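The values are calculated or read from the model by the stated rules, or taken from the named source; none is laboratory data. In this text, all values refer to a predicted model and were calculated from it rather than measured experimentally. Here the Cβ positions follow ideal geometry from the backbone for every residue, glycine too, while neighbour counts run over all protein chains shown. Heads up: the accessible areas ignore ligands, DNA and RNA and are worked out on the full protein's heavy atoms, side chains in. Shrake-Rupley method; radii C 1.70, N 1.55, O 1.52, S 1.80 Å.
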Amino acid sequence: MARRGRPRKNLTPIDKEKMQLTDDIVNQLKYNSELSDEQIFLLKKTLDDTFKSYDLEKQVDSEEKSIKDINQQALDDFLKSKKAGSKSKTTIYNYGNELSKLFTIINKDYRLLTAQDIREYMDYRKEHDKVAPVTIQNIRMYLMSFYKWAFIEERVSRNPMDKIGTIKTEKKVIETFTDEEIEMLRCACKNERDLAIVDLLSSSGMRVSELTGLDKKDVNFETGEIKEFGKGSKERICFMTGRCKVHLKWYLESRTDDNPALFVTAKKPYSRITKNGVEYALKELGRISGVDIHGRVHPHKFRATLATNMLNKGADIADIQHILGHQDCSTTLQCYADMKTDTIKRAHNKYIG
């Protein structure tokens, strides 16, 4: 007598899983419902036919791929909006890098992420990657910007970042160079290029990204002005001291290459110096001069020194804002409002004493 039922030869694991699922459903209905045997038989046949045309493995892969594609498309569109808004390459990289990490670690459709998902991600970065509170605060800002954009674009119905509060960070004392330290750095320079870089950073207060983007044509030695593009590709004028003009001119006269960049690498093939190249050169000067003993030598420290010196000598905060290229005066106040004690004392004597 032939065996009744479905043939069960050469079944794949997925086929077995489908068959087991059908049997489980049918058995549950057989003992917990009022369906007749004929209705049960028809239901079983329907389930079998449905599962035959349904590939569970492909469906799982498709869902995972779909999440990845959806998130990547949203990220690409977001970064395009930032480029259109003239954000710097560094800022755009930071947005992309952090959001990519979020989507990898929290493998969910960005439209379904909750505030708890965000908290778990930030906690992961803090505990696993050992990042500082100030970095966590930056991460919060990147994610806030993304979800604000997504909400305005009507891609999400709610913003999970609304429930993520400000991260508490320690307020750092602004590090500056003394006059003696800057002179020690100058004396440690072994070539005209490094000396010109130190003098330009000291006298102009420009950002290192602005310095590396300069071309020779941007410098006007007659007026002592340098035309450069700051944050947001906004054009502004920086100024050089007489000493800076001399050493920058000597450096340019010593060059034999035809690269249009104002500063190039020290060795062939001569190419535009990078942010890392400037930072490395200054770090070496700090090591050779001994200034590193008193604090890390980095480009932004020259900018902070110029701003603090101007503030201590009574410069108006609006003038400092324009020289530093801050779009908003509140940024200048936030960065450099911590005046030294002697400055506060002079103000007290001037207006009260």
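Residues to consider are Asn107, Asn71; find the one that is open to solvent by 90 Å² or more (accessible area, probe 1.4 Å) and more than 30 Å from Glu235 (Cβ to Cβ).
Answer to the selection: Asn107.
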(Q) Conditions first: (1) under 30 Å from Gly213 (Cβ atoms); (2) buried (at least 18 other Cβ atoms within 10 Å of the Cβ). Leu113 passes all but one, so which condition is the exception? (A) (1)
Q: For the range 188-203, enumerate the residues that are part of a loop (DSSP other than H, G, I, E, B) and not hydrophobic (A, V, I, L, M, F, W, C).
A: Lys190, Asn191
Q) Out of all the residues in the range 84-100, is one or more part of a helix (DSSP H, G or I) and more than 29 Å from Thr212 (Cβ to Cβ)? A) no
(Q) Out of the residues in the range 178-203 meeting the condition of being β-branched (Val, Ile, Thr) and within 21 Å of Arg272 (Cα to Cα), tell me which one is surrounded by the fewest Cβ atoms within 10 Å (Cβ to Cβ). (A) Val198
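Pick out the one residue from Lys168, Lys163 that is touching a residue at least 40 places away in the same chain (Cβ under 8 Å) and either out of contact with any strand residue (DSSP E or B) (no Cβ under 6 Å at 6 or more places or on another chain) or surrounded by fewer than 16 Cβ atoms within 10 Å (Cβ to Cβ) (or both).
Numbers: Lys168 fails: touching a residue at least 40 places away in the same chain (Cβ under 8 Å).
Just a single option satisfies the conditions, and that option is Lys163.
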Q. What single numbered condition from (1) under 31 Å from the mean Cα position of the chain (by Cα); (2) on the phi < 0 side of the Ramachandran plot fails to hold for Gly205?
A. (2)
**Q.** Residues of the range 82-99 satisfying the condition of being in contact with a helix residue (DSSP H, G or I) (Cβ under 7 Å, 6 or more places away or on another chain), exposed (fewer than 15 other Cβ atoms within 10 Å of the Cβ) and either touching a residue at least 12 places away in the same chain (Cβ under 8 Å) or of a type in the set (Phe, Trp, Tyr) (or both)
**A.** Ser86, Thr90
Q) Can Lys130 be described as among the charged types (D, E, K, R) and loosely packed, with under 13 Cβ neighbours inside 10 Å? A) yes
Q: Could you list, in sequence order, all residues of the range 25-84 that are modelled with pLDDT under 60 and either under 30 Å from Gly96 (Cα atoms) or touching a Leu at 6+ places or on another chain (Cβ under 8 Å) (or both)?
A: Lys58, Gln59, Val60, Asp61, Ser62, Glu63, Glu64
Q. Of (1) within 23 Å of Thr305 (Cβ to Cβ); (2) more than 29 Å from the chain's Cα centre (by Cα), Phe221 satisfies all except one. Which?
A. (1)
